[in-house]
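Each remark here refers to the structure printed beneath this line.
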Amino acid sequence: MLSVKNIQKSFAQNIVLEHISFEVADGEFVSLLGPSGCGKTTLLRIIAGLEKADHGCINLNNRDITDLEPSERDISMVFQSYALYPHKSVYENIAFPLRMRAPAVTRIPLFGRFTSTAQALEQDISQKVPQVAKSLRLDGLLQRKPGELSGGQKQRVALARALIRNPKLFLMDEPLSNLDAKLRMQTRMEISNLHHQTKGTFLYVTHDQVEAMTMSDRIVLLNGGKIQQVGTPLELYDNPVNLFTAEFLGQPKINVFNCVFKDYSLQVAGIHKNLTAPNLKQLDLLKQKAKKVAFRPEAIHICPQGQQPDLMAEFSQAEEVGSESLLKFSVGDETFSIRSAVTDRYRRFSFKEGENVPIVFEWNDALFFDKDGNRILAEAFL
Ligand code: ATP
């Protein structure tokens, strides 16, 4: 298990990591997710031993590794930039970590390679390299140099090099960001498969919420050097602790409206929605604190015929994905999006710009936030 406790880091006057504590269980896939500049890479480099923290400690399998050299930590790291040796073949790039860790006697010029230790090493390498190369579909490319490979193939060599040692922890820093969209998806699946096959412990840095949602057992969401929330992808999506988490996860983004509770009603987007069975204690809290209410795009619908709409909204634009449409509306100063799945291709919605469309909300799915963007855990019983 990796345990990160109270890590702090500043560069000159700039505090980049504050009170960072979290754990990664054996065999777990955890993503460090957050916008550019939030401190993800710095944190990963501190765990790898490439950067020193100002405070805090790091334990790996009950061993304090805070002050150990990178080579003593039993960690493999895969970088965004592949970091392959251009003059070595794919075979030698993959074998490199095994050679580096071999006893010094194997590296003595001329004599070294004839020792029995060196011969055992060569045998080990000749078994392991083809095995790991096969699992990453590199078996036909072992004699090539990195310059003769595509971006996706280079990244697979970097993954193979990280895997060959079977370390206690894999660290990956945006390994897919140099790949095009199709290769990203393919390599994403390959990394997930590798995780299942090796049952290794993975800590994966990304700013892409789709990558983090689809690959991770749990996500550590960072912003401005601070942890915002730690949880499974669906915990963060369904139960965000603040507006930052609510808005960072989900594509299209969650819809956020200004709101006010007055008497026994909620006022939002020009609607006065009466509360059906208000809990007076909770209503008091909401009246004092609620400033924003948010609905996921799937919690707002075009009103079915025969049902009473909550409001009429002006249609502005549609983005077609094929299997679903993203429909954009405005009401007063507020704008919102609806995700409309196409279940029957003859029943696609088609509206004209400026057309007034009847809308209903899933009121039970409303998420309330205070003036600082913190979630208010109270139900309004709408
Ligand atoms: P990105 O997704 O863009 O790579 P990130 O979340 O990984 O961003 P970091 O690279 O960890 O963020 O950087 C966090 C902050 O620390 C940034 O403001 C960055 O400018 C600053 N920073 C990083 N390394 C150094 C350094 N060596 N010296 C000074 N400031 C640094």
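The values are calculated or read from the model by the stated rules, or taken from the named source; none is laboratory data. Predicted model, so just to flag it, every value in this text is computed and none were measured. All Cβ positions, even for glycine, are placed from backbone atoms using ideal geometry, and neighbour counts span all protein chains on display. Remember, those area values only see protein heavy atoms, side chains included, never the ligands or the DNA or RNA. Shrake-Rupley method; radii C 1.70, N 1.55, O 1.52, S 1.80 Å.
Less than 5 angstrom separates the built amide H of Leu311 from those of Ile359, all sequence-distant by 5 or more or on a different chain.
Remark: the Cα gyration tensor places the stretch 270-378 in the prolate category, a/c being 1.5 or greater and a/b exceeding b/c.
Cross-link partners of Lys199 among lysines, defined as those whose alpha carbon lies under 25 angstrom from its own and excluding same-chain residues fewer than eight positions apart: Lys5, Lys40, Lys128, Lys134, Lys154, Lys168. Relative to the dominant Cα principal axis of the chain, helix 181-198 is inclined by about 70°. DSSP bridge analysis restricted to the stretch 135-235 gives an antiparallel fraction near 55%, rounded to the nearest 5.
Look at the dipole of the stretch 222-360 built from charges on Cβ: of Gly231, Ser330, Val360, the Cα furthest out on the positive end belongs to Gly231. Kindly express, to the nearest 10 degrees and within the range 0 to 90, the angle between helix 90-101's C-alpha long axis and the longest C-alpha principal axis of the chain. Between helix and principal axis, roughly 70 degrees.
Just to verify a number: FRET efficiency for Gln13 and Leu377, C-beta to C-beta distance, R0 = 30 Å, to 0.05?
It comes to 0.25.
The protection proxy used here, the mean number of other Cβ atoms lying within 10 Å of each residue, ranks peptides 162-173, 183-194 as follows, highest first: 162-173, 183-194. For the options Leu236, Leu159, Leu121, a Gaussian network treatment of the chain with springs between C-alpha atoms closer than 10 Å singles out Leu121 as fluctuating the most. Kirkwood hydrodynamic radius of the chain, from the reciprocal of the average inverse Cα-Cα distance over all distinct pairs: 24.1 Å.
Just to be sure I understand: with springs between alpha-carbon atoms less than 10 Å apart, which residue in Thr245, Thr214, Thr66 has the highest mean-square fluctuation in the Gaussian network model of the chain? Of the options given, Thr214 has the highest mean-square fluctuation. Between 0 and 90 degrees, the angle of helix 151-163 with respect to the longest Cα principal axis of the chain falls at about 70 degrees. Over the chain, accessible surface divided per residue gives 51 Å², non-protein components excluded, 1.4 Å probe.
Can you tell me how much longer the chain between Asp74 and Ala25 gets when fully stretched, taken as 0.36 nm per residue apart minus their C-alpha distance, in nm with one decimal? Write down the numbers at each step before the final one.
On the way: separation 49, 0.36 × 49 = 17.64 nm, distance 1.59 nm.
Separation in residues times 0.36 nm, less the Cα-Cα distance, equals 16.1 nm.
Charges were assigned to the Cβ only: +1 to each Lys and Arg, -1 to each Asp and Glu. The resulting dipole of the chain about its Cα centre is roughly 1160 debye.
For Lys289, the lysines whose Cα falls under 25 Å of its own Cα, not counting residues fewer than eight places away in the same chain, are Lys226, Lys253, Lys262, Lys273, Lys281, Lys371.
Within the stretch 151-289, the proportion of C-alpha pairs whose separation exceeds 27 Å stands at 41%.
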